[in-house]
Structures are given as structure tokens and as C-alpha cells.
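Accompanying notes for the structure given below.
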Amino acid sequence: MTQKLLFVCLGNICRSPAAEGVFLHHLQERGLSDRFVVDSAGTGSWHVGNPADRRMRAAAQRRGIDLPSRARQIELSDLAEFDLVLTMDDANFAAVTSLAKEAGAQASAEIRPMLSYARHFNETEVPDPYYGGDEGFEHVLDLLDDACTALLDELLPASAGSERQP
Ligand code: 4NP
């Protein structure tokens with residue numbers, strides 16, 4: 001069974017492309033790439049079509065992680081298409097929840113804050129690193145690495161469902 005995950009932040013050039021890249025990296029390392037469809041989007045439209053922020057890509061690259069995504073804005077149809085939408089901060093969560101209300105019954109996706117999965121950090125929001133220094137980008141990756149590990153552990157039993165015998 002393929003599970004479809006969408007990571008969402010504001011601009012889709014820093015946090016959610018990083019979440020997408022980190023999760024894909026974990027999948028590759030564990031040989032699980034064929035079990036998931038992974039994408040990211042922003043609640044805003046300013047950066048549509050742009051690659052991830054250069055500083056975010058450089059920080060990820062230092063950890064051996066590629067961030068190939070191009071920014072796009074979340075659409076109503078995403079809430080029907082994806083199984084799980086992971087939001088980076090409270091404003092993203094509110095924006096996606098409001099979009100889901102607009103979409104009505106077709107919005108079948110579960111919406112959860114990304115850091116609700118974190119095990120080693122108490123923070124509830126992934127801070128926007130855009131206007132800060134390099135350490136902000138490193139911290140984003142630390143938070144996402146922790147949350148992605150736990151997220152994958154939690155989702156694995158469901159993604160393995162088709163392999164189980166009745
Ligand atoms: P992101 O960061 O939401 O993590 O992609 C941002 C980057 C740029 C802007 C906002 C957030 N901006 O307003 O330009």
C-alpha cells in the first residue's frame with residue numbers, strides 16, 4: 001500500500017522542501033522508497049516555481065541530502081489526493097485546516113503538526129529560518145530528522161499492510 005504525504009510550510013522554499021528531502025533520504029536509506037509518495041507545498045504563492053532556498057539546500061547537502069523540489073502552492077485537491085498533510089507551524093496548520101473546511105467532504109487527508117512526531121525536542125513549531133543565520137537552517141534539519149524518523153516508524157506498519165498474510 002502506497003501512502004501519500006504532503007509537507008506544508010509558508011513559502012515552500014525552506015522548511016517543507018527540507019522535510020520532503022529528509023523523509024525521502026530516510027526512505028532511501030531504509031529501502032522503502034516504493035511505499036510512499038512524498039511532496040511539499042506552501043500556503044503562500046510568492047515563490048511558486050522557485051527551487052529551495054540556497055542556504056537550505058547547502059545545509060541539507062552537508063548532510064548528504066538533496067532538495068530537488070520546486071515551490072508550489074497547496075490546492076484544494078491536495079486534501080483529497082494525499083493521506084497525511086504535515087504542517088510546520090501553527091499558522092500553516094490553521095491555513096490548511098481552513099482549506100480543508102472549504103474543500104468539504106472531499107478533504108479526506110489527515111492534517112497533523114510535523115513536530116507532534118518529535119521525540120527529542122519539545123518545540124511544537126519548526127521555526128522559519130528565512131531571516132536568520134546558518135544555525136537556523138541546521139536547527140530546522142535537526143528537528144525534521146527527529147520528526148521524520150518517528151513519522152516513518154509510525155507509518156511503516158500501515159505501509160507494510162499488503163505484505164501481511166491474512
Ligand atoms: P518557508 O520559509 O515557509 O520555510 O519556505 C519562508 C521563506 C520565504 C518567505 C516566507 C517563509 N517569504 O515570505 O518570502
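The table for this structure:
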| read-out | value |
| --- | --- |
| Residue among 26, 120 that alone is away from the ligand (no atom under 16 Å from the Cβ), under 24 Å from residue 146 (Cβ atoms) and assigned to a helix (DSSP H, G or I) | 26 |
| Within the range 29-44, considering residues that are polar (S, T, N, Q) and within 11 Å of the ligand (Cβ to nearest atom), the one farthest from residue 134 (Cα to Cα) | 43 |
| Test for residue 41: is it small (Gly, Ala, Ser), at pLDDT 95 or above and more than 24 Å from residue 117 (Cβ to Cβ) | no |
| Boolean, residue 1 is over 20 Å from residue 147 (Cα atoms) and touching a helix residue (DSSP H, G or I) at 6+ places or on another chain (Cβ under 6 Å) | yes |
| Residues within the range 132-163 that are at pLDDT below 95, of a type in the set (Ser, Thr, Tyr) and either within 15 Å of the ligand (Cβ to nearest atom) or within 19 Å of residue 24 (Cβ to Cβ) (or both), tallied | 1 |
| When residues of the range 77-108 are limited to those that are within 20 Å of residue 3 (Cα to Cα) and of a type in the set (D, E, K, R), the one farthest from the chain's Cα centre (by Cα) | 81 |
| Filter pass, residue 57 being under 16 Å from residue 126 (Cα atoms), surrounded by 19 or more Cβ atoms within 10 Å (Cβ to Cβ) and of a type in the set (Lys, Arg) | no |
| Answer from 29, 75 - the residue that is surrounded by fewer than 21 Cβ atoms within 10 Å (Cβ to Cβ) and out of contact with any strand residue (DSSP E or B) (no Cβ under 9 Å at 6 or more places or on another chain) | 29 |
| Residues within the range 1-23 that are within 15 Å of the ligand (Cβ to nearest atom) and part of a strand (DSSP E or B), tallied | 4 |
| Candidate set: the range 123-136, residues that are part of a helix (DSSP H, G or I) and free of Cβ contacts under 8 Å to residues at least 60 places away in the same chain; chosen: the one surrounded by the most Cβ atoms within 10 Å (Cβ to Cβ) | 136 |
| Number of positions in the range 137-155 that are touching a residue at least 24 places away in the same chain (Cβ under 8 Å) and within 23 Å of residue 2 (Cα to Cα) | 11 |
| Qualifying residue in the range 95-114 (condition: within 16 Å of the ligand (Cβ to nearest atom) and loosely packed, with under 13 Cβ neighbours inside 10 Å) | no |
| Test for residue 50: is it within 11 Å of the ligand (Cβ to nearest atom), buried (at least 19 other Cβ atoms within 10 Å of the Cβ) and within 22 Å of residue 131 (Cα to Cα) | no |
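The values are calculated or read from the model by the stated rules, or taken from the named source; none is laboratory data. None of the values given here were measured: they were computed from a predicted structure. Note: ideal-geometry Cβ built from the backbone for every residue, glycine included; neighbour counts use all protein chains shown.
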